[in-house]
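Okay, so here's the structure we're looking at.
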Amino acid sequence: MLLGGEEWAARFEGFTREAWRLETLPQYLMPSEAQGFAAFRSGARIDPLAVSNDYTDRLRRQVAEGRSQGRVHVVTRPLSDYLRFEFHHYYSAHALAGEEIRILDVTDRENPLAGVQDFWMFDRSEVVLMNYHSDGRQISREVFEGDVTPFIEYQRIAVAESVPFEEYVKGLEL
């Protein structure tokens, strides 16, 4: 089943314990980000403490309700311009709002999740595969119909092998 629009948004309202994401690409080309990315590349920066939008509001509400949202992003150095943008423009504000963001840097080591595609997992019971072109343009979101056990193991590995976002970016110039 392919997910879009309201069906997709409902996943983030309907989970009871945890929404979790694995990101594996060095960039995601979303049309809605083009202007912000261009401004970032031109030197514009935001104050993550001042960010308040639907996403950060939802994160804060989820935390207050005892629900968690997290992710691990697999990266290699040097960081792409997009990753520097994503870290500054999104991750900094989202972490402050309560998202549990971790970074798995595989620059100088074997990737323990090589070949695993991007996905979201909701309450460790539903997996949505995130399908992208090689350049990071999204193709579709697809509900996985099989056993979620391997994805629970991917999450365990990703969390165990990664470091908190705030630790990773200390000393980095974004």
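The values are calculated or read from the model by the stated rules, or taken from the named source; none is laboratory data. Given the structure is predicted, the values throughout are model-derived calculations rather than measurements. Methodologically, a virtual Cβ is constructed for each residue, glycine included, from the backbone with ideal geometry; neighbour enumeration extends over all protein chains shown. The protein model used for the area step is the full one, side chains on, heavy atoms only, and it has no ligands, DNA or RNA in it. Shrake-Rupley method; radii C 1.70, N 1.55, O 1.52, S 1.80 Å.
The distance between label points at GLU166 and SER134 comes to 3.9 nm (points 7 Å beyond Cα on the Cα→Cβ vector). Packing, taken as the mean count of other beta carbons within 10 Å per residue, orders the peptides 148-161, 52-65 from highest to lowest as 148-161, 52-65. Under the 0.36 nm per residue contour assumption, what length would be gained going from the current alpha-carbon distance of ILE46 and ALA34 to full extension? That pair, ILE46 and ALA34, stretches by 2.8 nm at full extension. Charge tally for MET130 (other residues, Cβ to Cβ under 11 Å; Lys, Arg +1; Asp, Glu -1): -1. Near LEU172, once Lys and Arg are set to +1 and Asp and Glu to -1 for all other residues with Cβ below 10 Å from its Cβ, the sum equals +2. Take every DSSP beta bridge whose two residues both sit in the chain; close to 55 percent of them are antiparallel.
Dipole magnitude for the chain: computed about the Cα centre from +1 point charges on Lys and Arg Cβ and -1 point charges on Asp and Glu Cβ, it is near 320 debye. For the pair ARG77 and ALA114, label points projected 7 Å from Cα toward Cβ lie 2.1 nm apart. Charge tally for ARG61 (other residues, Cβ to Cβ under 13 Å; Lys, Arg +1; Asp, Glu -1): -2.
Solvent-accessible area assigned to carbon and sulfur over the range 1-152 amounts to 52 percent, based on a 1.4 Å probe. Over the range 22-162, accessible surface divided per residue gives 50 Å², non-protein components excluded, 1.4 Å probe. Kindly identify the chain as rounded, prolate or oblate by the Cα gyration tensor criterion: order the square roots of the eigenvalues as a ≥ b ≥ c, call it rounded if a/c is under 1.5, otherwise compare a/b with b/c, prolate if a/b is larger, else oblate. Judged from the Cα gyration tensor, the chain comes out rounded (a/c under 1.5).
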